[in-house]
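Heads up, the thing below is written out as structure tokens.
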Number of protein chains: 2
Amino acid sequence: MSTIYDVARVARVSPKTVSRVLNGDAPVGRETRAAVEAAIDQLGYVPSSAARTMRSNRSGLVGLVTGAISLSPDQPALSGLPDLFIVQGVQRALEAAGMTLLISDTGGRSDRVPELIRTFVQHRVEGIIHVADYHREVSLPKVPQGTRLVLANCFDAAGTPAVVPDDRHGQDQLVARMIAAGHRRIAYLTLSAEMVATGLRVQGYRDALAAAGIADDPALVVEADVPVDDPQAEMRRLAEALDHVLALPDPPTALCLGNDRMAVRAYGMLRSRGLDLPRDLSIAGYDDYRAIAESLYPTLTTAELPYAAIGTRAAERLVALIRGADGAGSAPEKVPGRLAWRASVLPRAPEHQAIS
Amino acid sequence: MSTIYDVARVARVSPKTVSRVLNGDAPVGRETRAAVEAAIDQLGYVPSSAARTMRSNRSGLVGLVTGAISLSPDQPALSGLPDLFIVQGVQRALEAAGMTLLISDTGGRSDRVPELIRTFVQHRVEGIIHVADYHREVSLPKVPQGTRLVLANCFDAAGTPAVVPDDRHGQDQLVARMIAAGHRRIAYLTLSAEMVATGLRVQGYRDALAAAGIADDPALVVEADVPVDDPQAEMRRLAEALDHVLALPDPPTALCLGNDRMAVRAYGMLRSRGLDLPRDLSIAGYDDYRAIAESLYPTLTTAELPYAAIGTRAAERLVALIRGADGAGSAPEKVPGRLAWRASVLPRAPEHQAIS
DNA sequence: CGGCGTCATGACACCGATGTCATGACACCG
DNA sequence: CGGTGTCATGACATCGGTGTCATGACGCCG
């Protein structure tokens, strides 16, 4: 690997002049510049970021920690999937800011986080992003003085800058659109009640009902998932919840599920109960897990969990902090998701019109 | 950020002695060691990897490039998903080897690869892993002298060390098991014929038939996917393929699909044609995309695409190269996937037994 | 008891970039 | 024509570790 001294020798100038050509921070004679550039090309010289880091105390690196999977309710089996979209969003924003991304994951053991952070500190990262696999509260060890920290898809009690999905708005938007399509009896089979998202989304669901002047029927909201990763138990719970709402005296015409996987299961269960989808019952998911939503028949109407945007915003905030902005707004930043309206919610004529 | 000099001052020793304590590469007196360790703790000192890199020419970094998504047939919409499992596998293996992972992705533009590699070279990575989003041939720009390169989920014509899934064996294994379950007419609705995996898997399918002494009926093998990302066209193509095989004079009792997404679609299409699954027709996918396979009803029998293992093997090979092994075996290393036998393939009594 | 090996430690140079300061050559201004 | 400012360039020190070599104190061997 050639160095700036090699380039200087070949171009017959001093290393400092090569440095000036590289950084354009001081005037360099036309011919000198050409000679230096030729030497750089000839040698295939690439400056060493290690040497720059030493001199400038700026590494151009940002660390990203993912994981802490195992301690958590629901979803763990899926983990790693959403993470990646967040990571891609982060990567894009960082690259635009000229920074490079260092990654490590805990492999499910959150006790390893301090160790991973230590590795990042060795590399003198300018900031750290912690990505959670689902919207939740976390509690991270202190990071050393100058290291900035941003949380993505999670938040903590200490008011660390955080970026999370706007679950309330997402569910509100989805349900409002279903109401606009003519549905008034809309059941909501939620994720485990332990999850942060569940509370927020139920609020969103109620917001939409309230905005349309529809009374909230508690019997229509059922926890339909378990807080552990057990496909059998998940299936059972969902089946019970389905039975429950379908057996109501005034059964729903539409069903919101806690996520797209639950929707896949619901499709299968409902069909095996002889229902014709979406004619007999409209279905909506959550997450906009495209591999699922676009492949199901009928294609699944759902609300996007804006992973990439969360990653991008988290990275942008981190870069701002690095560039000197201060922590500012202590409330987590909420990122809205798109409404993915597909074919699983059928428009329905309001009843008084149906009679006429 | 404190330095080794700060530690030396606090412990009243020379920096070199601190270095010896850190690296354990020369004897240090008991009391001196204790004093140094106390100083390190007190200051929260973490050695600078930049300084070490400069002196030793070893950065402890490995770069990973993902992407080149947009130029490719099929799957692109999903991309990023499988990548992440590979990345996680890589990360785990690297960490075990004491190396740290640097990531960047092309955001779908493979022309940006050289630029990304340049960034890695600036950071003096000791090796680079290129991850493709699906099994394919690639052609990468030359990397500088000392930088080792390993391909994951892809291979090139230059014989660069590569790790790929064993598609042929995977399909063989799956079909063999279906035959063992009593199926003899097994249709195969493949991915786009342009994909490397398709050719290999068709071979595997034929291997299994041949091993069981079943004649290969060309009418049962149909390309059922299109080489572009167009959900509409994909649906149409799959529907035609289904119609084709179901209309055969001697229709199949089981169906292999090119991937799990196609299986999701097939479930919907077949049910809307009035079939009862899996009683009327057995179905198998490919990929073992758990979010799908475990949620469908009936749960999907499929062949695992061993992404994490591919990542791990690629990283292990890279570490071996860095530690001095030579390129060796020029053929890509094939990683076998598990058979994920679930509920969508129904055992079937052989016909002569059914009669008795 | 002199010589040699080991232990424990420190002084110093070096890795590759860049900030600071110095130097020489012009050009322009009054 | 001397002073001052800009351009173009180089010498040198510095960032934080670590390899090399030197030094002094013992302990052991013959």
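The values are calculated or read from the model by the stated rules, or taken from the named source; none is laboratory data. In this text the structure is predicted, and so the values were computed from the model without any measurement. Neighbour counts run over all protein chains shown; Cβ positions are idealised from the backbone, glycine included. Only protein heavy atoms, including side chains, enter the accessible area calculation; ligands, DNA and RNA are left aside. Shrake-Rupley method; radii C 1.70, N 1.55, O 1.52, S 1.80 Å.
Points worth noting:
- Selected residue (criterion: nearest to DNA strand D (Cβ to nearest atom)) from residues of region A:1-52 that are within 13 Å of chain B (Cβ to nearest Cβ) and hydrophobic (A, V, I, L, M, F, W, C): A:Ala51
- For A:Ile292, the conditions (1) in the same structural domain as A:Gln145 (by TED's automatic domain parsing); (2) within 19 Å of B:Ser295 (Cα to Cα) are fulfilled apart from (1).
- Every residue from region B:102-136 that is within 17 Å of the chain's Cα centre (by Cα) and either within 15 Å of A:Leu116 (Cβ to Cβ) or of a type in the set (Phe, Trp, Tyr) (or both): B:Ile103, B:Tyr134
- Among the residues of region A:338-346, some residue qualifies, meaning at least one is under 27 Å from A:Leu200 (Cα atoms), open to solvent by 40 Å² or more (accessible area, probe 1.4 Å), at pLDDT 95 or above and within 14 Å of chain B (Cβ to nearest Cβ).
- Just so you know, in region A:53-63 the residues that are in contact (Cβ under 8 Å) with a residue 60 or more places away in the chain and out of contact with any Leu (no Cβ under 6 Å at 6 or more places or on another chain) include one that is farthest from the other protein chains (Cβ to nearest Cβ), and it is A:Arg58.
- Residue within region A:304-314 that is buried (at least 19 other Cβ atoms within 10 Å of the Cβ), over 23 Å from A:Gly127 (Cα atoms) and within 26 Å of the chain's Cα centre (by Cα) present: yes
- Among the criteria (1) surrounded by fewer than 16 Cβ atoms within 10 Å (Cβ to Cβ); (2) over 22 Å from B:Phe120 (Cβ atoms); (3) more than 10 Å from DNA strand C (Cβ to nearest atom), the one A:Asp41 does not fulfil is (2).
- Region B:90-112 - residue that is at pLDDT 90 or above and more than 7 Å from every other protein chain (Cβ to nearest Cβ) and, of those, surrounded by the most Cβ atoms within 10 Å (Cβ to Cβ): B:Val90
- Of the helices (runs of 4 or more DSSP H) contained entirely in region A:256-356, those carrying at least 1 residues that are closer than 30 Å to B:Leu300 by Cα and small (Gly, Ala, Ser) fall at A:260-272, A:290-293, A:307-322.
- Selection of region B:16-30 for residues being within 20 Å of B:Thr3 (Cβ to Cβ) and surrounded by 10 or more Cβ atoms within 10 Å (Cβ to Cβ) yields B:Lys16, B:Thr17, B:Val18, B:Ser19, B:Arg20, B:Val21, B:Leu22, B:Asn23, B:Val28.
- Some residue of region B:58-68 being in the same structural domain as B:Arg317 (by TED's automatic domain parsing), away from DNA strand D (no atom under 16 Å from the Cβ), modelled with pLDDT under 95 and over 17 Å from the mean Cα position of the chain (by Cα): no
- Among the residues of region B:141-162, some residue qualifies, meaning at least one is touching a residue at least 24 places away in the same chain (Cβ under 8 Å), within 14 Å of another protein chain (Cβ to nearest Cβ) and open to solvent by less than 40 Å² (accessible area, probe 1.4 Å).
- Qualifying residue in region B:210-217 (condition: of a type in the set (A, V, I, L, M, F, W, C), modelled with pLDDT of 95 or more, crowded, with 20+ Cβ neighbours inside 10 Å and not in a loop (DSSP other than H, G, I, E, B)): no
- Here B:Phe120 clears all of (1) open to solvent by 10 Å² or more (accessible area, probe 1.4 Å); (2) free of Cβ contacts under 8 Å to residues at least 60 places away in the same chain; (3) part of a helix (DSSP H, G or I) except the condition numbered (1).
- Members of region B:271-298 that are at pLDDT below 95 and of a type in the set (A, V, I, L, M): B:Leu275, B:Leu277, B:Ala291, B:Ile292, B:Ala293, B:Leu296
- Here B:Met269 fulfils each of the conditions (1) more than 11 Å from chain A (Cβ to nearest Cβ); (2) farther than 20 Å from B:Gly170 by Cα; (3) open to solvent by 10 Å² or more (accessible area, probe 1.4 Å) apart from (1).
- Taking the conditions (1) more than 14 Å from chain A (Cβ to nearest Cβ); (2) at pLDDT 90 or above; (3) within 22 Å of the chain's Cα centre (by Cα) in turn, B:Ala328 satisfies each one other than (2).
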